[in-house]
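To keep things clear, I will list the structure first and then write my remarks on it.
The values are calculated or read from the model by the stated rules, or taken from the named source; none is laboratory data. Keep in mind the model is a prediction, meaning the values are calculated, not measured. With ideal geometry, Cβ positions are generated from the backbone for all residues, glycine too; neighbour counts draw on all protein chains shown. Protein only, heavy atoms only, side chains kept; ligands, DNA and RNA dropped before computing areas. Shrake-Rupley method; radii C 1.70, N 1.55, O 1.52, S 1.80 Å.
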Amino acid sequence: MRAADTARLAAESMLRYPLRTVMMLLATSIGVASVLALTSLGEGARRFVTGEFSSLGTNLVIVMPGKTETSGGGLMLLAGETPRDLTLEDAEAVLRSPYVSTVAPVMVGAAPISWGGLEREVPVLGSTRSLLGIRHWNMAIGDFLPKLDMDRAAPVCVLGGVLRREFFGDQSPVGKWMRIGDRRCRVIGVLATEGRSVGIDVGEIVVIPVASGQALFNSPSLFRIIAQARSRETMDKAKADMIRIIKERHYGEEDVTVITQDAVLGTFDTIFNALTMALAGIASISLIVAGVLIMNVMLVAVSQRTEEIGLLKALGAKRRQIIALFLTEAGFLSVTGAVAGVMFGYTAVFILRRVFPALDFTPPLWAVGAAFGVAIVSGLLFGILPARRAARLEPVAALTGQ
Amino acid sequence: MKASRPARQLYVISSTESLSDRAIAETSKPIIELKGLRREFQVGDELVHALNGIDLQITAGEYVSIMGPSGSGKSTLLYILGLLDVPTAGGYRLAGVNTAQMNDDERASARQRDIGFIFQSFHLVPRMSAAENVELPMTLAGVAPDERRERVKQALEGVALADRAGHRPDQLSGGQRQRVAIARAIVTQPKVLLADEPTGNLDTASGDEVLHIMEALNQQGLTLIVVTHDPDVGERAGRHIGLHDGDVASDRVTGAGE
């Protein structure tokens, strides 16, 4: 029999029972659609988290006070060991490494800021001018912190865009004197960059020189030292250098944690990819269920069409022709179901995006391919049993409808 | 048609030769030879002997009726002749080929090549038009679409249904349906036409019409075997075989049919 004829006959019998066909298509397409929707959830979460970390900047090596121990940490803490503070001197020292191009010390606190009768509590970031380049921030108006020595305070501040609107509306805030805690500062610029980054909304912060921050919060200790390596390749060397330098300064004690952005990103990538795979696996079970349903319905179809199969045999159909007919039908059903499922899936993803615009829901291409493949393979595999049963029917019994 | 098959070739020659030459070929060549053919069924604990060692020769071009009461084994015999059923014991040569060694697929090929079936209940595919039903055996055989169309047209003209080609079976009368079935049976140019109660579901007039068409085909050289319990139908054949409890009870020749 010609392939075109096999396809035509299979398609005809598919169209003869529209309800049955629609049910089977529905089963397959729900399976495929759920794979797409679930993997896009996982992928969306992954993109969200990695996006947060990449928005920090590029080639960053971050120093945090305190050493995270994987074992015995609890005991050490009980023994009363307190990590030494990170200081501005540490930040300056780190710059000595040939692999480090820039360093920004960061301290964080919260303080009330006020202007013209308006007041609110905001996160205050103490840093230096290098932070602008490290974080890839842009300015909307004015300029970022002036280029000062790290330990020089200055009564200036830079506002986030949201704060600027809240306090000044359409007015330009540049040159205005605001009160932060018990100090005054002159607004010298407004950040254009907005949106959340690692839990902080850039639109709602005030940035002041790091020395001013130390005075404001009356504390010498830094929250982080963010250093930028000269290149991606030298990040590990930069990290080793920084640990060595700080260890020397802290009397041989390695009481800081240094992480590279790559490592963090890599870890999250691995975790979320595993999560997405797990979701895909769970959703694939529905594809297997769809396959079982196809088998079930095909078995019913074989007994419904016993007489027709008997006739085909009387007319000279060989076993493999009967098998080909039923497998082609199962194949059509699963391909059509898979195509419909991909469309359903993308519709679901589209709706998800509308509902949660913060997350970038996109089904990964491998998931689309895998769902498609699994749908077709399971449809065909589960189509084999009914097809063989049809092919094995005794022609006489089939013709007389027994 | 493949030239490498001697049996097939013989048919091709005989169908193109003159009537008198074919008559010689017919008498000299048995198309069906049965030797000690037995068929037993296991029904529960009981072994039913449907056919009890049948010896029979049917010559190419004969018009044979097989008659007998129900349970006499006539349908079983027809199915075995049509290679749809396999005998328990005994030999069956179809067109000189021993069928005992054939496997499933070889029997399917032999059915496709040599045998045409007519059933009491027509067995047309309900969703297909008359033309598509006639086309089906050629579709299964992998005949090219152009050739299929041409032969469908000829076959439907042969049963005077060219104007009903596009009708589905439920739009045709019983007689017309059986004529479509005849067209389907002969479109592959078989050697033997096997009819199982071909008029059983028809009124006298359309039954008569159907028999006429089959007899006309027989006169063109097609071997015709009709299974029936209707004496009026059986008497029209040239040779009458009576079956009783799985044995040939009578075998008489009354002439060349009609």
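Hey, can you rank B:191-203, A:138-150 by average C-beta count inside 10 Å, highest first?
B:191-203, A:138-150
Under a cut-off of 18 Å between alpha-carbon atoms, report the aspartates and glutamates in cross-link reach of B:Lys153, not counting same-chain residues fewer than 8 places apart.
Partners found: B:Glu132, B:Glu135, B:Asp163.
Given a 1.4 angstrom probe, what's the average accessible area per residue across chain A, in square angstrom?
Computed with neighbouring chains in place, this is 47 Å² per residue.
Report relative contact order for chain B in percent, whole number only (criteria: Cα-Cα under 8 Å, sequence separation at least 6). Let's see the in-between values first.
Working: 484 pairs, mean separation 66.4, N = 258.
Worked out over chain B, it gives 26 percent.
How large is the helix-only mean residue ellipticity at 222 nm for chain A, computed as the sum of -39500 (n - 2.57) over DSSP H runs with n ≥ 4, divided by its residue count, in deg cm²/dmol to the nearest 500? List each step's numbers first, then the result.
Values: 13 runs with 223 residues, N = 402.
Taking each H run of at least 4 residues, the total per residue is -18500 deg cm²/dmol.
Quick one: putting +1 on the C-beta of Lys and Arg, -1 on the C-beta of Asp and Glu, what dipole do you get for chain B around its Cα centre, in Debye to the nearest 20?
On the way: 27 positive and 35 negative charges, 168 e Å.
Dipole magnitude for chain B comes out near 800 debye.
Name the residues of the range A:355-402 whose accessible area falls by at least 30 Å² when all protein chains are present instead of the chain alone, probe 1.4 Å?
Residues passing the criterion (a loss of at least 30 Å², heavy atoms only) are A:Pro395, A:Val396, A:Leu399.
Within the protein assembly as shown, what whole-number % of the accessible surface is contributed by carbon and sulfur, with the 1.4 Å probe and all protein chains included in the calculation?
Ligands and nucleic acids excluded, carbon and sulfur give 57 percent.
A drop of at least 40 square angstrom in accessible area, chain alone versus all protein chains together, probe 1.4 Å. Which residues of the range B:113-136 meet that?
Buried-area filter returns B:His123, B:Arg127, B:Leu136.
Based solely on its DSSP helices, what 222 nm [θ] is calculated for chain B when runs of n ≥ 4 H residues each add -39,500 (n - 2.57) and the sum is averaged over all residues, nearest 500 deg cm²/dmol?
Taking each H run of at least 4 residues, the total per residue is -11500 deg cm²/dmol.
Just to be sure I understand: if you take the accessible area of chain A alone plus chain B alone and subtract the pair, with a 1.4 Å probe, what total do you get in Å², rounded to 100?
Using a 1.4 Å probe on protein heavy atoms, the buried area is about 2400 Å².
For B:Lys35, which lysines qualify as cross-link partners when the Cα separation must be under 18 Å and same-chain residues fewer than eight apart are set aside?
Within the straight-line cut-off, B:Lys35 pairs with B:Lys74.
Could you list the GluC sites (Glu not before Pro) in the range A:212-308 that lie in coil according to DSSP, counting only those with at most 15 other Cβ atoms within 10 Å of their Cβ?
Here the GluC sites (Glu not before Pro) that fit, given the DSSP loop and packing criteria, are A:Glu233, A:Glu253, A:Glu254.
Ignoring ligands and nucleic acids, what accessible area does A:Cys157 show with a 1.4 Å probe (Å², nearest 10)?
Answer for A:Cys157: close to 0 Å² accessible.
Just going by the charge dipole of the range B:6-253, with Lys and Arg at +1 and Asp and Glu at -1 on Cβ, which of B:Leu37, B:Thr88, B:Ala108 is farthest out on the positive end?
B:Ala108
Could you please state, rounded to a whole Å, how far the C-alpha centre of the range B:168-184 is from the C-alpha centre of the range B:207-237?
So the separation of the two Cα centres works out to 17 Å.
Any number yet on Rg/Rh for the range A:169-216, C-alpha, Kirkwood?
Rg/Rh: 0.99.
If you take the beta carbon distance between B:Thr88 and B:Glu235 as r and set R0 to 35 Å, what does 1/(1 + (r/R0)^6) give as a FRET efficiency, to the nearest 0.05?
0.65
Please give the net charge around B:Leu172, taking every other residue with its beta carbon less than 12 angstrom from that of B:Leu172, where Lys and Arg add +1 and Asp and Glu add -1.
Here the charged neighbours net out to +2.
Over the whole of A:303-316, what's the average partner chain Cβ count within 10 Å per residue? Rounded to a whole number, please. Spell out each step's value before the answer.
On the way: counts 0, 0, 1, 0, 3, 4, 0, 3, 10, 6, 7, 15, 17, 18.
Across the residues of A:303-316, the mean count of other-chain Cβ atoms within 10 Å is 6.
Would you check the accessible area of A:Ser54, probe 1.4 Å, heavy atoms only, in square angstrom rounded to 10?
Surface accessible to solvent at A:Ser54 totals approximately 60 Å².
Can you list the equivalent-ellipsoid semi-axes of the protein assembly as shown, largest first and in whole Å, using the square root of 5 times each Cα gyration tensor eigenvalue?
Equivalent ellipsoid of the protein assembly as shown: 94, 25, 19 Å, largest first.
With charges only on Cβ, +1 for K and R and -1 for D and E, what is the dipole size of chain A about its Cα centre, in debye, rounded to 20? Kindly include the intermediate steps, with their values, before the conclusion.
On the way: 40 positive and 35 negative charges, 304 e Å.
Computed charge dipole of chain A: roughly 1460 debye.
Rg and Dmax of the range A:221-324, using alpha carbons, in Å: what are they?
32.3, 96
Could you report the range B:6-253's accessible area per residue, 1.4 Å probe, as an integer in Å²?
I get 42 Å² per residue for the range B:6-253.
What three numbers, in Å, describe the spread of the alpha carbons of chain B along their principal axes, ordered from the longest?
Result, largest extent first: 49, 42, 38 Å.
Which order do B:Phe122, A:Phe372 take by accessible area at a 1.4 Å probe, largest first?
Highest to lowest solvent-accessible surface, that is A:Phe372, B:Phe122.
Kirkwood hydrodynamic radius, computed over distinct alpha-carbon pairs, for the range A:357-396: how many Å, to one decimal?
13.1 Å
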